[in-house]
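Please read the structure below before turning to the comments.
Each value in this text was obtained by applying a stated rule to the coordinates, not by laboratory testing. Since we're looking at a predicted model, the values are computed, not measured. Ideal geometry is used to build each Cβ from the backbone, glycine not excepted, and the neighbour counts take in all protein chains shown.
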Amino acid sequence: MIKTSVNLAGVELKNPVMTASGTFGSGMEYSEFVDLNRLGAVVTKGVANVPWPGNPTPRVTETTGGMLNAIGLQNPGIDVFCRRDLPFLKKFDTKIIVNVCGKTAEDYCEVVERLGDEPVDLLEINVSCPNVKEGGIAFGQNPKALEQITREVKKYAKQPVIMKLSPNVTDITEMARAAEAGGADVLSLINTLTGMKIDIHRRTFALANKTGGMSGPAVKPIAVRMVYQVANAVKLPIIGMGGIATAEDALEFIMAGATAVSVGTANFYNPYATVEIADGIEKFMKEQKTEDISELIGAVK
Amino acid sequence: MSKKVKKSLKIVSQEKIAEDIYSMWLQADEIADNAKAGQFLSLYTRDGSKLLPRPISICEIDRENRRIRLVYRVTGKGTGTEGFSRLHSGVALEVLGPLGNGFPLEEAKGKRVFLMGGGIGIPPMLETAKELDAEKTAVLGYRDELFLDDEFKNYAKVYVSTENGSAGTKGNVLDAVRENGLDADVIFACGPAPMLRAIKAYALEKGIPCWISMEERMACGIGACLACVCQSSEIDEHSQVHNKRVCKDGPVFLSTEVEL
């Protein structure tokens with residue numbers, strides 16, 4: 001019997017495969033393609049204390065082997081989210097991780113506190129979105145600010161807290177240590193890399209927001225490198241992501257030191273990606289005669 | 001489970017029907033069974049460096065042979081659509097669909113209907129013309145070269161406009177309506193935003209209902225990523241803000257529901 005389950009701060013996931021925030025909504029749309037019961041966890045799109053309208057369009061554009069997005073964290077707000085999205089997710093045998101966004105520390109804490117009594121397994125704090133002017137990345141690019149927001153959130157959180165790190169920093173290990181010092185239970189990385197594309201025919205930016213977050217297979221080597229660095233810098237479990245499209249990609253992150261992995265952009269071009277990756281990891285373990293996935297976590301030194 | 005699926009479809013035929021405009025029939029099987037006029041398919045390129053699906057409206061559905069026809073524009077050199085145009089019959093293409101809501105045909109049944117298409121917004125009006133049981137007038141707007149206009153004649157009275165006046169009325173579809181003294185009780189339209197804006201204003205002035213098919217840059221195509229939103233007049237129930245998803249809530253909207 002192969003053991004694929006992993007443990008994130010006391011929460012047992014049946015397998016290490018989850019969804020990357022913002023690429024999977026709250027799972028409703030993708031539940032028409034994949035059985036959510038097969039996933040280790042569903043990570044929801046970022047939710048704030050009130051509805052956010054997001055950025056003007058165009059919000060996405062394609063790049064070679066990747067894409068840029070500047071959705072701007074459009075979300076229906078915590079009230080509707082708790083009334084509509086959580087009861088939907090509760091119907092499935094998968095862990096629920098809610099991504100929390102805000103403009104101020106108070107905003108984050110309000111949502112975190114509100115989720116305390118909801119059927120939520122873990123909280124992921126989005127301090128790394130490059131597409132909003134306030135909050136988001138402002139907390140994630142300064143180690144002192146990151147440590148402080150982590151500490152604030154932890155005061156209100158009833159569930160374990162994942163801090164989602166930005167790659168748009170000089171040294172991601174410094175940010176990882178700051179989050180750890182602030183009391184984070186888990187780290188997830190990487191959020192998207194800030195990029196830009198120019199439409200030369202229209203002589204303007206491809207995105208209305210001018211810049212966007214880059215994701216997709218093109219960013220994977222950067223993400224694997226950062227996961228490896230962070231795994232060697234802190235003791236916390238890591239959720240690795242950035243361009244994962246196949247089981248082989250996911251296994252790279254796991255061997256680099258990730259306990260779990262998130263599938264993001266791949267959902268857009270293969271709505272079955274998450275379950276295919278979960279199946280692929282199990283197949284790899286069988287072929288390699290690996291009995292417990294923990295043998296693979298951080299297998300490269 | 002839903003009626004949407006992603007699968008590999010064989011190309012039955014492919015031909016160029018005008019400059020940069022191609023017509024492709026796909027052996028779509030259950031996707032054809034489930035498809036409706038005004039819906040679209042997401043096509044995936046065979047180039048791993050081009051990840052995102054290309055949303056292309058359904059031009060015709062052959063229910064008997066379970067096939068779907070797509071008429072699309074090649075948008076430039078090295079683009080995904082140029083890649084599609086190079087594929088021959090027998091080759092397989094990854095497709096997700098059918099997607100979106102389609103035109104509400106029942107709203108126009110038995111009435112006098114304008115089917116208005118502009119440029120690459122013309123193709124979805126063909127299946128709409130075919131399926132609609134009504135008094136149909138197709139008003140088709142082109143830059144210069146005509147395509148599909150002959151095929152519309154099988155189902156509707158056809159008027160055309162061209163920007164340079166090389167055929168039909170010189171100007172746009174509304175110029176053709178005025179020049180020919182046309183009238184309708186309902187409008188179904190698809191085309192570029194400025195055309196839809198003008199048609200929305202025309203419908204408001206005439207006091208007739210109008211459904212328009214919108215376009216926006218998409219990623220997932222199924223309503224999850226929130227890339228392809230348009231502005232809604234009222235707070236949308238799903239988004240809780242003034243945004244609707246073109247791929248899922250649309251692409252067809254009642255013109256008064258959306259801001260253009």
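Just flag the trypsin sites (Lys or Arg not before Pro) in the range A:159-225 sitting in loop per DSSP whose Cβ has no more than 11 other Cβ atoms within 10 Å.
A:Arg202, A:Arg203
For A:Asp279 paired with B:Ile17, estimate the spin-label separation in nm (one decimal), with each label point 7 Å from Cα along the Cα-to-Cβ line.
3.7
Kirkwood hydrodynamic radius, computed over distinct alpha-carbon pairs, for the range B:104-212: how many Å, to one decimal?
Kirkwood radius, the range B:104-212: 13.4 Å.
Would chain A count as rounded, prolate or oblate if I go by the C-alpha gyration tensor, calling it rounded below 1.5 in a/c and otherwise prolate when a/b exceeds b/c, oblate otherwise?
Rounded, since a/c falls under 1.5.
Do the alpha carbons of any pairs in A:Lys103/A:Lys164; A:Lys14/A:Lys155; B:Lys50/B:Lys77; B:Lys36/B:Lys200; B:Lys36/B:Lys109 sit beyond 18 Å of each other, and which pairs?
Listed pairs above 18 Å: A:Lys14/A:Lys155; B:Lys36/B:Lys200.
Distance from a point 7 Å along Cα→Cβ of B:Asn154 to each backbone N in the range B:102-129: keep the residues under 11 Å and list them by number.
B:127
Which helices count as membrane-span-like in chain A under these terms: full DSSP H, at least 18 Å along the axis by C-alpha, Kyte-Doolittle mean of 1.0 or more?
Helices meeting the span and hydropathy rule in chain A: none at all.
If a/c stays under 1.5 just call it rounded; otherwise compare a/b with b/c (prolate if a/b is bigger, oblate if not). Do that for the range A:118-244, with a ≥ b ≥ c from the square roots of the Cα gyration tensor eigenvalues.
Since a/c reaches 1.5 and a/b is larger than b/c, the shape of the range A:118-244 is classed as prolate.
Build a GNM of chain A with springs between Cα atoms under 10 Å: which of A:Ile172, A:Ile200, A:Ile244 gets the top mean-square fluctuation?
Most flexible of the set in this elastic network: A:Ile200.
Run the paramagnetic zone check for A:Ile222: 7 angstrom along Cα to Cβ, then residues of the range A:167-210 with backbone nitrogen under 15 Å.
A:167-173, A:189-197
Report the extension gain between A:Asp35 and A:Lys289 in nm, rounded to one decimal, defined as 0.36 nm multiplied by the number of residues separating them, less their alpha carbon distance.
Separation in residues times 0.36 nm, less the Cα-Cα distance, equals 88.8 nm.
Let me know the mean shielding of A:32-39 by other chains, meaning the per-residue number of their Cβ atoms within 10 Å of its Cβ.
2
Work out how much length A:Asn7 to A:Asp171 would gain on full extension: take 0.36 nm times their residue separation and subtract the Cα-Cα distance, in nm to one decimal.
56.3 nm
What ranking of A:Met175, B:Met214, A:Met285, A:Met163 emerges when the number of other C-beta atoms within 10 Å of each C-beta is taken as an exposure proxy, fewest first?
Ranking A:Met175, B:Met214, A:Met285, A:Met163 by Cβ neighbours within 10 Å, fewest first, gives A:Met285, B:Met214, A:Met175, A:Met163.
Mean-square fluctuation check for chain A, GNM, Cα pairs under 10 Å: which of A:Val80, A:Val98, A:Val224 is largest?
A:Val80
Would you be so kind as to identify which of B:Ile17, B:Gly78, B:Gly48 lies farthest towards the positive end of the dipole of the range B:5-99, taking Lys and Arg as +1 and Asp and Glu as -1 on Cβ and the Cα centre as origin?
The one lying farthest along the dipole's positive direction is B:Gly48.
Rounded to the nearest 20 Debye, what is the dipole magnitude of the range B:5-99 about its Cα centre when Lys and Arg each give +1 and Asp and Glu each give -1 at the C-beta?
200
Normalised by the residues of chain B, what does the relative contact order come to in percent, with Cα pairs under 8 Å and at least six apart?
17
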